[in-house]
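A short write-up of the structure that comes next.
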Amino acid sequence: MNRAVGLLAVLLLGGCATLDRNECLQANWTDLGARDGQSGYPASRLEEHRTACREHGIIPDDRSYLAGREQGLRYYCTAESGYREGRRGAGYSRVCPLEAEAAFLPEYERGREIHQLEQDADALRNNIDEHERALGDPNLTRDQRYYHRRELDYLYRELASLRRQLDRLENGPRY
């Protein structure tokens with residue numbers, strides 16, 4: 001039993017490593033930093049790589065990694081990338097330099113708002129489906145039918161409002 005628990009712990013901890021042994025051995029730290037920068041990872045990602053590679057006796061090249069990360073951030077910290085990241089609901093770790101963040105952040109916020117509105121619209125559509133299914137029940141009382149129709153009317157108005165907001169955000173000024 002203890003052996004199984006130990007094996008499970010090793011597997012779980014190994015699953016958290018950012019790099020495996022071969023990746024640590026063959027790492028081009030500049031390229032890895034650039035990829036991490038393009039993905040918007042904070043500088044603390046280097047510590048995660050350091051921990052993963054320490055198990056294999058490999059020490060990251062900090063200077064190369066950080067130089068690559070700076071290059072990668074140039075691609076990440078753009079208005080277009082901010083919009084894309086916001087649209088997909090990704091978090092932002094405040095990695096962009098202030099001058100780049102001025103372009104990135106407004107579009108990120110717009111993308112996040114669109115993402116949230118789309119999620120809200122999905123929830124409304126699911127709620128609409130539930131009420132429409134309920135109306136199909138032949139055993140509903142008159143009051144129950146009235147309730148479901150009233151709810152549907154409200155939900156359709158809310159959905160129309162969300163669609164107008166989405167249209168305004170999607171077709172507004174862009175990067």
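The values are calculated or read from the model by the stated rules, or taken from the named source; none is laboratory data. Small disclaimer: the values here were computed from a predicted structure and weren't measured. Here the Cβ positions follow ideal geometry from the backbone for every residue, glycine too, while neighbour counts run over all protein chains shown. Heads up: the accessible areas ignore ligands, DNA and RNA and are worked out on the full protein's heavy atoms, side chains in. Shrake-Rupley method; radii C 1.70, N 1.55, O 1.52, S 1.80 Å.
Quick notes
- Matching option when the condition is open to solvent by 20 Å² or more (accessible area, probe 1.4 Å), under 24 Å from residue 43 (Cβ atoms) and in contact with a helix residue (DSSP H, G or I) (Cβ under 9 Å, 6 or more places away or on another chain), among 110, 94: 94
- Of all residues making up the range 24-61, the number that are in a helix (DSSP H, G or I) and either open to solvent by less than 50 Å² (accessible area, probe 1.4 Å) or more than 25 Å from residue 91 (Cβ to Cβ) (or both): 17
- The lone criterion from (1) in a helix (DSSP H, G or I); (2) aliphatic (A, V, I, L, M); (3) open to solvent by less than 50 Å² (accessible area, probe 1.4 Å) left unmet by residue 123 is number (3).
- Residue ID - least open to solvent (accessible area, probe 1.4 Å), chosen from residues in the range 132-147 that are in contact (Cβ under 8 Å) with a residue 12 or more places away in the chain and closer than 20 Å to residue 122 by Cβ: 134
- Taking the numbered list (1) open to solvent by less than 30 Å² (accessible area, probe 1.4 Å); (2) more than 17 Å from residue 36 (Cβ to Cβ) in turn, residue 81 passes all entries but (2).
For (1) touching a Gly at 6+ places or on another chain (Cβ under 7 Å); (2) touching a residue at least 24 places away in the same chain (Cβ under 8 Å); (3) at negative phi, each residue gets a yes or a no:
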residue	(1), (2), (3)
38	yes, yes, yes
44	no, no, yes
54	no, no, yes
57	no, no, no
60	no, yes, yes
66	yes, yes, yes
73	yes, yes, yes
78	no, yes, yes
82	yes, yes, yes
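- Test: residue in the range 76-84 that is at pLDDT 95 or above, among the aromatic types (Phe, Trp, Tyr) and assigned to a helix (DSSP H, G or I): yes
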